[in-house]
Structures are given as C-alpha cells and as structure tokens.
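Quick notes on the structure that follows.
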Amino acid sequence: MAATPIRQITIVGGGTAGWMAAAVLAHHYREHQLRIQLVESEQIGTVGVGEATVPGIIRLNQYLGIKESEFIAATGATFKLGIEFADWYKPGESFFHPFADFGAPVGKLPFFPCWLKLHKLGRAAPLEDYCLSAAMAKAGRFAQTDDKATNPLALYSYAYHFDATRYARFLRNYAEERGVERIEGKVVEVRLNPDNGDIDKLQLEGDRQLGGDLFIDCSGFRGLLIEQALGTGYEDWSHWLPVDSAVAVQSERRGAPPPYTRATALAAGWRWRIPLQHRTGNGYVYCSAHAGDEEARNTLLADLDGEPLGEPRVLRFTAGMRKRFWHRNCVALGLASGFIEPLESTSISLIQTGVEKLLQFMPDLVPNTEKIAEANHLNRLEYERIRDFIILHYKLSGRDDTEFWRQLRAMPVPDSLQAKLDAFSEDGRLLNYEQESFSEASWLAIYNGLHFRPRQYLPDVDQLDTEQLAQLLEKMRRAVALGSEQAPRHEAFLAQLSAD
C-alpha cells in the first residue's frame, strides 16, 4: 500500500457496519479533502438481527454528537442494563450479568473476597443483591447514572436494544448530511492492480466502475473484498464454539419491555429475546449437528411472547475471524471481519472498535505498513479475548442433559482461558490481558452465576472482624435495594424521554 494520502474511501455494503463506518469517517475527517462513497444494493439484504449492544455505543453516539432522545425515538430503542441468563447452569436457575461492579471495596480490600468469606459462612446475600443495575433490571426499573456520584454502589453503565434496520437508516441520514455519497448498485467484479495486488476497481452491474484509495468491506459473511478478492484467510473457531446456525423472527410486544436482554439455554444452543419499544426480537442459536432447522424453528415459535410478525429465517455462520482485518488497501468490518456468535452482543461493538482502529492508526489519512500490522495485532487480541469470554459460558455450564452440553463441558479450552480459570479457581485472582473487552466484574458475574468459585479467599480478609463485615455488607445490600426502589419503571422512563 503506497504511503500517499487517501483521497477517496469506497465502502461496499450498507447495513449497520457500512453506515456506521460512513458516519464515523465523515465526522472524523470532516476537515480533510476526502470523498466517501458507499455502494449497496436493494437486491442484497442485510442480516439485521444484531439489535443488542454493550455500553461502548454510548461513547460512539457522544462522539458523533447524537442526542440520546433522538436516537431512542429514531430506532425504537430501549435501555439495557445487562443480560439475564436462564437455564445455563441448570434448568430452572438464572443469573444476571450487569454492566457494573458488585459491591464496594472494604477499606483497601476488593469486595468479592470479602463477600466470599461471608458466603462460605452462610452469612452473605446473593452476589447480585449488591449491584444496583442488577437490582433495577430484576425490578423492571431504569435510571441514568449520576455523573457526579462518588459512591461505587451508584456507578454502572448501560447499553441499548434497537431496531437494526432503523439504526442503519438513522446513520445513513447522518452520513449523507455530511457528504457521504450513496450509490445503488451490485458489485459483480473486483479488479486488482496487477503491479501491487491492491484493489483497483469495482465493476458494478452495467457499465459503472468505482475506484478508491481505501476500500472498506461491509459485505457480510461472504467477504467480497477481503476474502473473495484478496484471499486473506479465515481462522475457524468452531471446535470451541460449535453453534453454527440461528433462526430468527420478530414478534409482537406483550407487556412492558424489560431493561435487559434474556438468553435462555436450550437443548442444542440458546434463545435470545430482545425487547424494543414496538416489537420483540427473538432467535434460537443452535448447533446443526444437534438440531435440525425445522426443530429449531418449531422450538423458537413455541415460546414467543407475542404473535410472530413474519416467517422465521435461518442464518448460517462459522465462528472465527479473518486472519487480518486490514489487508493491503482493504479494511473489513462487521461480519466480513469475523463473527464469534451473538452471545454477549459483541457484533456491533466490534464494528465500532474496528472503525476506531482505522482512525487511531491512520490519523492523517496516510497508511503505514507498521501501523497496519499493529492494528491487525490488536484486532486479533480483541477477538481472542471475546472468544474466551464466550467459551466460558459453555465450558462452565452445569448442564449434562444433552450431548451438546456434555460435549462443551468436556472440551479443552484455549490456553489463555485455561490460565484464567486456574488463577480464579485457586484464590479468586482475575487475570487481565491486553485488549480485554469485558471487565473483571463481567468475568466475575459469569464465574459466580455458573457456580465456579475459588477454593480460598484472600487471607487479608481474615484481618477484618466478621460481625462488622457482615453489618457493612448488609448496609450495602439495603442501599442497593433502596436505590432500585427509587428508580422509575423502565417504560415510564422511556415515555418521559419521548415527551422531553
């Protein structure tokens, strides 16, 4: 790739990935002489089921100057305090993964080992009772965090559920208002430069050709540019994450939307339920070696909250990532870059962080080979960290009622994950690696929810008076309960936001 300034960026594919890239690039490089064009075809649909997010999206909206109320109204969004996991440890038992810490430090000691000591003595409430966002979620309540709060118990993050099609349209309007040119067309050929192997031209149906200095591949699983044209290669992780199919359908909304995503373990995978203002998103993610499409379809339709709004559609995927997301003069985003699986809602986040890497390592619009290599390195680490976190959910499950779950419980895991499991099992240490997407509290939520607890706690905790410690934790629990009771109902908060 020549080290000359980029003057034209061509994005292939719309949807969330394409229009997020277009919006961010148009905003970030607004002072540069840069032409951005996006080509998409109405004939080619988008996946459009990635409708739950993680808190990083708030940072994106703030960066783009998007008002939260406008975003909520345009996308039919609801708030998300975390994920409820039902039947993952065993049928009939659930736990919550909040976007927040549990408890508050006790002096210089972290909260968890203090709780663990009392738990072993039978004197502690469930861990989730010490988390405000978990308590609000269970009560169907929501309040925005107080930016001036200093009490650790009052600190938490949140994300959104939204209509992916509406979100892409919202970002398209944003991008086009800032000069991005949309081109209706279907790419039928990708022509490479015979001298350096870079992408040279895109041939559309008809006579039109599109050039560019940098091409962004948002063409979905097929990877039209990054794989079909450049042959970058794909790293298959299905031996750790064997779910390879999903059947999805939207349904009528019944009742008030809860402020969280629900993930329910099933015989051959798990089901998602994502509440929006105007409907509910549903899907069954499953392993085709353990369930057929018709079986999965029937299982999904049998447990909807409301009437289906269309015919269920089946999606196929292979868990893994491109060996490089930035190769030659092409950057792959979204499904073209890789796909781990929908659990923990990381797909949209990975689009966002992919664009952020592009900005970080090309601040002056001059590509550099060493910086591209570093961007690829960090992207790999990020994918691997998320991969390990997702594997954790399956590996620690207590279920042994089907061959699917027995297989996953018995499988060997990546060394990076095994090291974390060994450290936590010994004394509760939470290992942190470079490019972690999930906080220590998130790992703790899954460990605890799946009954994976350390053999011992930090010995320093024994220096604390047990009675005083029990009283302090009870005070924390009561403060969390009171804070939750004072928060408005989620639907009332949404209604007020719309009225303002």
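Values quoted throughout were computed directly from the atomic coordinates according to the rules given, and no laboratory measurement underlies them. Here the structure is a predicted model, which means the values were calculated and not measured. Positions of Cβ are backbone-derived with ideal geometry, glycine not excepted, and every protein chain shown enters the neighbour counts.
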query = Between the helical axis of 466-486 and the dominant principal axis of the chain, each derived from Cα atoms, what acute angle in degrees is found, rounded to the nearest 10?
reply = 50
key: Pair Lys475, Thr369: separation of 7 Å Cα→Cβ label points (nm)   = 6.3
request  = Please return the longest stretch of the chain lacking exposed loop sites, where GluC sites (Glu not before Pro) count only if DSSP places them in a loop and at most 11 other Cβ atoms lie within 10 Å.
outcome  = 43-433
query = Using r as the Cβ-Cβ distance of Gln8 and Ser238, and R0 as 45 Å, what FRET efficiency do you calculate, to the nearest 0.05?
reply = 0.75
message = Relative contact order of the range 245-339, please, whole-number percent, based on alpha carbon pairs below 8 angstrom and at least 6 residues apart.
response = 32
key: the chain: relative contact order as a whole-number percent, Cα under 8 Å and 6+ apart   = 23
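I need the per residue convex hull volume for the range 215-325, using only the alpha carbons, in cubic angstrom as a whole number. Could the numbers behind the result be given before it?
Working: hull volume 15.6 nm³, N = 111.
With only Cα atoms used, the range 215-325 gives 140 Å³ per residue.
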request  = Please give every one of the lysines within straight-line cross-link reach of Lys371, meaning a C-alpha to C-alpha distance under 24 Å, and leave out same-chain neighbours fewer than 8 residues apart.
outcome  = Lys323, Lys357
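Using a Förster radius of 30 Å, what is the FRET efficiency between Ile58 and Arg453 based on their Cβ-Cβ separation? Nearest 0.05, please. Mind dumping the intermediate values first?
Numbers: r = 32 Å, r/R0 = 1.06.
Given R0 = 30 Å and the Cβ-Cβ separation, E is 0.40.
One-quarter of the Cα convex hull surface for the range 144-283, in nm²?
Result: a mean projected hull area of 15.1 nm².
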ask   = Roughly speaking, what is the stretch gain from Glu440 to Thr165, that is 0.36 nm per residue apart minus the C-alpha to C-alpha distance, in nm to one decimal?
value = 95.7 nm
inquiry  = Please report the spacing between the Cα centers of the range 95-174 and the range 378-405 in Å, no decimals.
reply    = 22
request  = Mind giving me the nanometre distance, one decimal, between the label points for Lys148 and Glu93, set 7 Å out from Cα along Cα→Cβ?
outcome  = 4.4
message = From the helices alone, meaning DSSP H stretches of at least four residues, give me the mean residue ellipticity at 222 nm for the chain, per-run term -39500 (n - 2.57), in deg cm²/dmol to the nearest 500.
response = -11000 deg cm²/dmol
query = Using the alpha-carbon atoms, what tilt in degrees (0 to 90, nearest 10) does helix 490-499 show relative to the longest principal axis of the chain?
reply = 50
ask   = Where the centre of each part is set by its Cα atoms, how far does the range 296-350 sit from the range 462-500, in angstrom?
value = 35
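Could you order peptides 307-314, 157-164 by the average number of other Cβ atoms within 10 Å of their residues, highest first?
Details: 307-314: 12.6, 157-164: 23.2.
In decreasing order of mean packing, 307-314, 157-164 become 157-164, 307-314.
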inquiry  = If you split all Cα-Cα distances of the range 75-166 into 10 Å bins from zero, what percentages do you get per bin, shortest first?
reply    = 15, 38, 34, 11, 3, 0
ask   = What aspartates and glutamates sit close enough to Lys420 to cross-link, taking a C-alpha to C-alpha distance under 15 Å and skipping anything fewer than 8 places away on the same chain?
value = Glu384, Asp388, Glu434, Glu436, Glu440
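Full extension from Arg429 to Leu155: what is 0.36 nm times the residue separation minus their Cα-Cα distance, to one decimal in nm? Numbers along the way, then the final one.
Values: separation 274, 0.36 × 274 = 98.64 nm, distance 2.26 nm.
Roughly 96.4 nm would be gained on extension.
Compute the signed sum of charges (Lys and Arg +1, Asp and Glu -1) over the other residues within less than 15 Å, Cβ to Cβ, of His239. Can you show the working numbers first?
Values: positive: Arg387, Lys395, Arg409; negative: Glu235, Asp236, Asp244, Glu341, Glu384, Asp388, Asp415.
Taking every other residue near His239 into account, the sum is -4.
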remark   = With a Förster distance of 45 angstrom and the Cβ-Cβ distance between Ser416 and Asp303, calculated FRET efficiency to the nearest 0.05 equals 0.80
ask   = How much net charge surrounds Tyr447 when only other residues with a Cβ under 12 Å from its Cβ are counted (Lys, Arg +1; Asp, Glu -1)?
value = +3
Inverse mean reciprocal Cα-Cα distance (Kirkwood Rh) of the chain, Å = 24.0
